[in-house]
1. To the nearest 20 debye, what charge dipole does region 1-96 have about its Cα centre, counting +1 at the Cβ of each Lys and Arg and -1 at the Cβ of each Asp and Glu?
2. Within a Cβ distance under 15 Å of CYS111, other residues only, what is the Lys/Arg minus Asp/Glu net charge?
3. Using heavy-atom solvent-accessible surface (probe 1.4 Å) with all chains present, what is the largest-first order of ARG14, ARG90?
4. Rounded to two decimal places and with Rh computed the Kirkwood way over Cα pairs, what is Rg over Rh for region 112-167?
5. Sort the following peptides by mean Cβ neighbour count (other Cβ atoms within 10 Å, averaged over residues), highest first: 99-105, 184-190, 168-174.
6. Across region 1-91, how many lysine pairs separated by 8 or more positions, or lying on different chains, have Cα atoms within less than 22 Å?
7. Would region 30-189 count as rounded, prolate or oblate if I go by the C-alpha gyration tensor, calling it rounded below 1.5 in a/c and otherwise prolate when a/b exceeds b/c, oblate otherwise?
8. Binning every alpha carbon pair distance of region 41-122 at 5 Å from zero, what are the percents per bin?
Amino acid sequence: REIRHHKRKMNIFRLAGDSIHVFAMCFLLAYMLNAKSCNGYSGKTQLMYLAVFITRYLDLITNFISVYNTTMKVMFISIKATIVYLIYGRFKQTHDKENDTFRFEVLVIPCAILAVFINHESSVMEIMWTFSIYMESVLILPQLWMIVKSGKIRVDQIIYLVTLGCYRALYIANWKYRYDTEGFYDILAIVAGCLQTSIYVLAFCAAPMSTHWVKEIKAGCADLRQGKNILGGNNTDKA
């Protein structure tokens with residue numbers, strides 16, 4: 001399916017979206033390595049992200065589209081696999097299991113069922129691709145649940161969530177651009193992407209800890225002005 005739909009020119013919205021997505025993942029990885037902690041981040045969300053990339057990029061070895069495409073696929077899978085290892089391996093003692101309690105099977109099972117029955121064609125590769133699209137639209141929920149349950153949020157978490165939200169918003173612009181210039185659209189990807197973006201918007205607009213978010217943003221800006229490090233350092237005890 002990707003061979004059919006990927007033969008297109010690069011546009012600024014897709015490039016910007018991919019760049020911000022890579023930044024978000026690298027930022028999270030850098031934070032964990034610098035803080036030597038995964039506290040405040042949902043292992044379930046990261047596991048679901050890894051599953052999304054693996055099921056979406058099953059054609060990594062069999063189909064070559066472009067150097068850019070292959071590089072991005074390898075980066076996404078490698079970075080997410082490393083993050084999952086840090087959460088459940090190297091830094092597992094800092095994993096906040098008490099708050100990372102979202103029943104992720106409530107998301108995985110419906111996405112799998114939908115992928116089997118609502119897809120573009122009934123092939124294994126297509127069903128796996130569709131599953132990854134559905135899964136990505138809701139996988140941030142365990143992370144948001146974890147933050148709400150803890151009642152606290154750090155500036156690094158805000159940066160991570162904002163960059164992920166921007167990535168999805170830019171991909172909506174990418175789909176609009178492609179429709180205007182190529183006449184192409186994928187209704188499944190568009191609906192799932194809009195749902196995912198809506199979750200981010202609602203999280204930032206209606207989060208019960210929004211006052212705390214504002215305080216953390218102001219504190220983060222003050223730290224930056226003072227040249228302080230926001231990538232963890234000695235702040236690992238802040239949940």
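The values are calculated or read from the model by the stated rules, or taken from the named source; none is laboratory data. What you are looking at is a predicted structure, and each value in this text was computed from that prediction instead of being measured. No Cβ is skipped: glycine too gets one built from the backbone with ideal geometry, and neighbour counts run over all protein chains shown. Heavy atoms of the whole protein, side chains included, go into the accessibility calculation; ligands, DNA and RNA do not. Shrake-Rupley method; radii C 1.70, N 1.55, O 1.52, S 1.80 Å.
1. Magnitude of the dipole: close to 240 debye.
2. 0
3. ARG90, ARG14
4. 1.17
5. Descending packing order for the listed peptides: 168-174, 99-105, 184-190.
6. 6
7. Details: a/c = 1.69, a/b = 1.62, b/c = 1.04.
Because a/c hits 1.5 or more and a/b exceeds b/c, region 30-189 counts as prolate.
8. Once binned at 5 Å, the Cα pair distances of region 41-122 give 3, 13, 18, 18, 18, 16, 9, 5, 1.
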